1. Which one of the conditions (1) exposed (fewer than 15 other Cβ atoms within 10 Å of the Cβ); (2) on the phi < 0 side of the Ramachandran plot does residue 26 fail to meet, given that it meets all the rest?
2. Does residue 75 count as part of a loop (DSSP other than H, G, I, E, B), among the polar types (S, T, N, Q), at pLDDT below 85 and under 23 Å from the mean Cα position of the chain (by Cα)?
3. Considering region 6-21 alone, what residues qualify as being closer than 17 Å to residue 44 by Cβ and out of contact with any helix residue (DSSP H, G or I) (no Cβ under 6 Å at 6 or more places or on another chain)?
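The values are calculated or read from the model by the stated rules, or taken from the named source; none is laboratory data. A quick note: this is a predicted structure, and the numbers were derived from the prediction, not measured. When we count neighbours, we look across all protein chains shown, and the Cβ atoms used for this are built from the backbone with ideal geometry, even at glycine.
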Amino acid sequence: MGVGLGVFLIAVGLIFALAVHVHAAGVDLQTVGWILTVVGILELVLFFTIWRTRRRVVVPDDSIPGRTVVEEHTSYLDPPL
């Protein structure tokens, strides 16, 4: 799961909700479209929430043996590796 899945669900959901005007027996495609859109948005929110908490760098501190320093970087413009 990731950004691609969330964007895909949002796109398919909006197509069903706004552009498809076919009536299927027992299925409301507009409702299905809105559900897919909401699920896609929730997936993106969860992905970025989890991704943000994983952006921690562990740096060994040589001044005291056995000590580890955890630095958190919140920059959105990190240089490429």
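1. For residue 26, the failing item is (2).
2. yes
3. Residues satisfying the conditions are 7, 8, 11.
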